[in-house]
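Please read the structure below before turning to the comments.
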Amino acid sequence: MRMGIVRGALVAVALLAGAPAQTPAESGDSDAGLYITPKLNGDVEISLSDFEIPDKRLVAIVRESLACDWRFTGGMIGVCRKLLPSGITSLDGHLALAPLVSALRGAGATWVEVTLYAQGEPGPGWKKETYKGKAPLVHYERAYYTFISEKDGELPSPFHIRMGEAWHPARLAAPFGLVLFGPALLAFYLRRRGERTGNRGGPVVWLNWILLAAWLYWMSAVSLTDVAGFSLWLHASNAALSLAIGVAVFAVPPLAAAASCVLILMVETDEESRLARGRMLKRLLAQEAALIVPLGTFYVGAELFEYDRTVGMTSLPLAFVLFRVLNWTSGRLGASTIWSITGGELHDRVFAIAVAAGAKVKGVCLLSTRLAQEANAYATSGGQVMVTRGLVERLTKRELDAVVAHEVGHLRGGHVGVKVLMFWAYFLIAPWSHSALARLGVPAWVLQFPIVTIAYVLVTAQISQRHEFSADTRSVQLTGDPEAMIASLARLTRITRSPVSWGGFQGSILSHPSMKTRVLAIADRFHLPHERALAILDDPDVAAGESPEHYALPAALQNADPIYSSSARASHIFWASWGTRVALVLMLAGMAVAAPKVTGQIRSVGLFLACIPLAAWLYLRLANWWDRQFKASLRGKIALRVQPGPGAIFVGLLPGARVYPIGGSYDWDLGFATLSPDWLSYRGEQAQFSVARSAVSAIEVAHGPMAWDRTFAVVVRHTGGAFVLRRSDTGISLRQARKLAAKLTAWWQGTAPAEAIEQAPYPPPSLPDLALVFPARIKLAMGFVWKAGGLFVGTLIILATTVPMNGSTMMFSLVPFAAPMAFLVAVAPLLFRRRPV
């Protein structure tokens, strides 16, 4: 977006790729090599090589010849603080190195080569050189200047250094004011117009597009150089604090615009609408922050790279961490629970529609939202079809089939991928388009307005509306029921309280055509009279019939939101993956410190490498412990809900006779097993059943698929089928499985007293036949390699910016390589799993 960003990114890539930080002249026979690197903050980094001189003597030479505050940073490298005048984001001054070269010659150097990494106007005698390098996916060039002193009177002339871009805070004024106040004023105008026309809730349909336009304009118009300059001006002595201030300046205006638009456009008419506005505000702010805060961290950090390399390099992994955490937070605010539907009539119907459409659907999820009007359905790029609980409860089967077919139509047409592609294409095109318009002579004040952003919104809206028409048509083709599609649109209009029609400019920028336009398009396409279509739009019950049927919610969702839900599992997996990988790096760092103390410096490398399998084993043990703690934390909550009897055993349940993970876990449901004299009863959130002791045919220990920490569980076979039980909160080992099997076997054979009194049994087991997903080995391997690569890069950057590489800590340089190796060792058996028969 700015040359400073590109330059900082290329330098970071060069460092990671191992490009030499110092490039001597081709002759290479200097008695002294002097490497000079000016910084935008006025500091000058000086490195001396090929010339032995005591540290105290070098300090005295530098301080006397350059009259600067010299600070050693390691070896023969130091920094002259504030040697040159700095304009916060620019440097413009003369660097006189002749006294330093003369002093080195006086100290015994007979041949001095000066290498200056800077931009500007060299004086006589300087020679420009170019270093060309390669890094993954990028070729880069680095210009520098050299001067060779072979005689006492041969000294470098002053070098006029010009670096960076001058700080102009006034350039922030126009985009800052337009983003901060423009959306709010537009929202206020739309609200007043809606009040005059009697359509108070209509303007809310503008909300997403107003915020998108404001956000995209801010991203393309804001000067990151000025943002970084402003933050440095506020606190120039601390680069880390400057980064935080810069991110705040970058992120606050669009977030403030989002908050003001929600508060203005969403009108409060009752308690329910007040709650809806508060929830919408939280969710929108989280969604906006999940993207703009990480981007701001990366962009501002890249601008600060010239000031503080540590802060600049750290901004990349920090941006990634912020993205993951904020994205998780946004997802948690979007829905109270996400429930994966693994069987039942709705599940089967969704997959039947997908098969008929030729689309790949990998799963069906139910979102239990906190507000009734949050009724929606959408398809994800990963092949998931998501429907809200309010949609299932309020739409008839015919209407919900039409909505599901509409989302499957989006998947079949590849519409989700097009939206993502256009979104990222904007960020590639917008900066170049501004430059192109400027070269065409467009005045600068005109470029301050969101010309490119408005064009993007208009084009995207038209494409999105075509996709909606296409998905509507495909839905009717799949269901053969145009009235159901019209009725579903009418029902959604009532639930969400959105207007039926809009037109003019409003109709051209919204992502969805108006409900009336869509209904009439369906009527024309499938030869339905307009009168009939509009009657259904006005009252969807016209098409519903006398006794409309609804899909039943899963048993666990009929009374209250489930505790052991898909969202709870996803949250656990998210934090566990981060926590265990951080712990793996810390373990290896500890081993790197301990190895030299155990065997000495020479053999420490071999000992450290030999400890990699141990680190992998500890990593797996920690992952299992974290999983057990998660399940144990749910035990009390589930017990309060299902009210188990005395002596009940907390177990995980898996339908069928195969011990295989479902959705990343070996537990389909969590609940309590009770052993009474004649019955084995289970009661959990998804199922409750009883099996007579006389109906049990076998109790055996079975193992899960190949892994270093193989999962063991107990299979209970009975006349109606089989199910798997395991003690999720105490361990997955063979010993724990045998203890549970022994207890169940003793009850089955009548050799041990029952642990609960006789009670009325539950119905027999009626468990779903779960469809197991087996990813291809190559896809699984690529996923592991990708995670290992991320672990390598993250560890490398963090250690490079936090650990000084001197003789006592050189073992740390092995940690970035050992961490992904230990991770791959831990997951290697998963690549050799066989499909269960």
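Candidates in region 131-154 are the residues that are modelled with pLDDT of 85 or more and β-branched (Val, Ile, Thr); of these, the one that is surrounded by the most Cβ atoms within 10 Å (Cβ to Cβ) is Thr146. Of the strands (runs of 3 or more DSSP E) lying entirely inside region 632-697, those containing at least 1 residues that are closer than 17 Å to Pro554 by Cβ, open to solvent by 30 Å² or more (accessible area, probe 1.4 Å) and of a type in the set (S, T, N, Q) span 688-692. Filtering region 455-475 to residues that are surrounded by fewer than 19 Cβ atoms within 10 Å (Cβ to Cβ), of a type in the set (Val, Ile, Thr) and under 14 Å from Ile429 (Cβ atoms) leaves only Val459. When restricted to residues that are over 19 Å from Val59 (Cβ atoms) and either under 41 Å from the mean Cα position of the chain (by Cα) or modelled with pLDDT of 90 or more (or both), region 97-112 contains 1. Comparison of Val457, Val452, Val446 shows that the only residue that is under 24 Å from Gly409 (Cα atoms) and either modelled with pLDDT under 65 or assigned to a helix (DSSP H, G or I) (or both) is Val457. Here is the figure for region 399-424: residues that are open to solvent by less than 20 Å² (accessible area, probe 1.4 Å) and outside any helix (DSSP H, G or I) total 0.
The criterion of at least 2 residues that are in contact with a strand residue (DSSP E or B) (Cβ under 9 Å, 6 or more places away or on another chain), open to solvent by less than 30 Å² (accessible area, probe 1.4 Å) and within 14 Å of Leu34 (Cα to Cα) is met, among strands (runs of 3 or more DSSP E) falling completely within region 51-114, by 77-81.
Within region 706-753, the only residue that satisfies the criterion of being touching a Lys or Arg at 6+ places or on another chain (Cβ under 6 Å), assigned to a helix (DSSP H, G or I) and surrounded by 21 or more Cβ atoms within 10 Å (Cβ to Cβ) is Leu740.
For Gly636, the stated conditions do not hold, so it cannot be described as touching a Ser or Thr at 6+ places or on another chain (Cβ under 8 Å) and of a type in the set (Gly, Ala, Ser).
Step by step: first the residues of region 596-627, then only those that are of a type in the set (Gly, Ala, Ser) and at pLDDT 85 or above, then the one that is nearest to Phe823 (Cα to Cα). Which residue is that? I'd like the intermediate steps shown before the answer.
Pass one, region 596-627, residues of a type in the set (Gly, Ala, Ser): 600, 604, 606, 610, 615-616, 623.
Retained after the next criterion (residues that are at pLDDT 85 or above): 606, 610, 615-616, 623.
Values: Gly606: 19, Ala610: 15, Ala615: 9, Ala616: 6, Ala623: 12 Å.
Ranking the candidates gives Ala616 first.
Just to be sure, is Ser766 part of a loop (DSSP other than H, G, I, E, B), open to solvent by less than 30 Å² (accessible area, probe 1.4 Å) and at pLDDT 75 or above? No. Among residues of region 293-307 being under 14 Å from Pro254 (Cα atoms) and surrounded by fewer than 23 Cβ atoms within 10 Å (Cβ to Cβ), the one that is modelled with the lowest pLDDT is Leu295.
Residues in region 706-721 that are of a type in the set (S, T, N, Q) and closer than 23 Å to Phe774 by Cα: Thr711 alone. Quick check: is even one residue across region 417-428 farther than 28 Å from Pro775 by Cβ, at pLDDT below 85 and among the aromatic types (Phe, Trp, Tyr)? The answer is yes; a qualifying residue exists.
The values are calculated or read from the model by the stated rules, or taken from the named source; none is laboratory data. All values reported here derive from a predicted model rather than from experimental measurement. Every residue, glycine as well, gets a Cβ built from its backbone with ideal geometry; the counts of neighbours run over all protein chains shown. Quick note on the areas: whole protein, heavy atoms, side chains included, nothing else; ligands and nucleic acids left out. Shrake-Rupley method; radii C 1.70, N 1.55, O 1.52, S 1.80 Å.
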